[in-house]
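Visitor: Have a look at this one before I ask anything.
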Amino acid sequence: MDWRIFISAPSFTTAAGTYYNPFSIELAGSDIYYTLDGTTPTIESTKYTNAISVSEFGTTTTVKAASYANNTWSEVVSATYELKVAAPDFSVKGGVYEKSTNKEALTLSTETSGATVYYNDRGKDPKTEGSKLYGSLSILATRTINAVAFVTNSKGEKVYSDVTSEY
């Protein structure tokens, strides 16, 4: 008969993946120890007591966690999370439109709260040759519009989304 003690591994109640606004990582289980540097948790690691806050845009966080009881460790579980700036969405998709008395008004929005949107309507990089979007744009001629969203991180650096384009 096998009398080894079995310790249940913790579980992540926050799904691994990409997020576009600050979030918290929550774990379920008991006596959980975790690391954020890719190493295997030990008794010297941080003991989980509260949700792990992720608020620095442009970062990838890998959490490794294990439960410890009666001098026995559970299996180590791992999940990876990314905090990115969401690329702008175009309210009017590219295409050919008939000229009419109604002008197509283009708005750009992003899922990331507090992000600033820049655009360029001459096909250039909006990061370096863009203008801040205030309200909407009237589309009067055929053109390529490139857009990007950004936030400023805690170091004062701009963290950009991917550039999106419509023609």
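Visitor: Write down the accessible area per residue of the chain in Å², having rolled a 1.4 Å probe over the full set of protein chains. Walk me through the intermediate numbers first.
Guide: Details: 10330 Å² over 167 residues.
In whole numbers, the chain has 62 Å² accessible per residue.
Visitor: In whole percent, how big is the carbon plus sulfur part of the accessible area of the chain, probe 1.4 Å, protein atoms only? Display every interim value, and only then the final one.
Guide: Values: 4770 of 10330 Å².
Heavy-atom surface of the chain belonging to carbon and sulfur, 1.4 Å probe: 46 percent.
Visitor: So what is the calculated 222 nm ellipticity per residue for the chain, using -39500 (n - 2.57) for each DSSP H run with n of 4 or more, over all residues, to the nearest 500 deg cm²/dmol?
Guide: -500 deg cm²/dmol
Visitor: Among all stretches of the chain without exposed trypsin sites (Lys or Arg not before Pro) (DSSP loop, at most 13 other Cβ atoms within 10 Å), which one is longest?
Guide: 5-92
Visitor: Checking the table LYS47/LYS127; LYS93/LYS158; LYS124/LYS155; LYS64/LYS132; LYS64/LYS124; LYS93/LYS155 against a 32 Å threshold on Cα-Cα, which pairs fail? Write out the running numbers ahead of the final one.
Guide: Numbers: LYS47/LYS127 41 Å; LYS93/LYS158 27 Å; LYS124/LYS155 27 Å; LYS64/LYS132 40 Å; LYS64/LYS124 42 Å; LYS93/LYS155 35 Å.
In this structure, LYS47/LYS127; LYS64/LYS132; LYS64/LYS124; LYS93/LYS155 exceed 32 Å between Cα atoms.
Visitor: Run the numbers for THR39 and THR61: contour at 0.36 nm per residue of separation, minus the present Cα-Cα distance, in nm.
Guide: Numbers: separation 22, 0.36 × 22 = 7.92 nm, distance 1.24 nm.
Net length gain for the segment: 6.7 nm.
Visitor: Looking at the chain, which longest stretch skips every one of the GluC sites (Glu not before Pro) that is in a DSSP loop with at most 14 other Cβ atoms within 10 Å, leaving the sites themselves out? Show your work: numbers first, answer last.
Guide: Numbers: sites that count: GLU26, GLU44, GLU56, GLU75, GLU98, GLU157.
By the stated rule (loop sites, at most 14 other Cβ atoms within 10 Å), 99-156.
Visitor: Next up: Normalised by the empirical 2.2 N^0.38 Å for globular proteins, what value does the Cα Rg of the chain take?
Guide: Details: Rg = 23.2 Å, N = 167, 2.2 N^0.38 = 15.4 Å.
Here the answer is 1.51, to two decimals.
Visitor: Cα centroid distance between the range 121-167 and the range 44-62, in Å?
Guide: Using only Cα atoms, the two centres lie 31 Å from each other.
The values are calculated or read from the model by the stated rules, or taken from the named source; none is laboratory data. Just so we're clear, the structure is a prediction, and the values are computed from it rather than from any experiment. Note: ideal-geometry Cβ built from the backbone for every residue, glycine included; neighbour counts use all protein chains shown. SASA here: full protein model, heavy atoms, side chains in, ligands and nucleic acids out. Shrake-Rupley method; radii C 1.70, N 1.55, O 1.52, S 1.80 Å.
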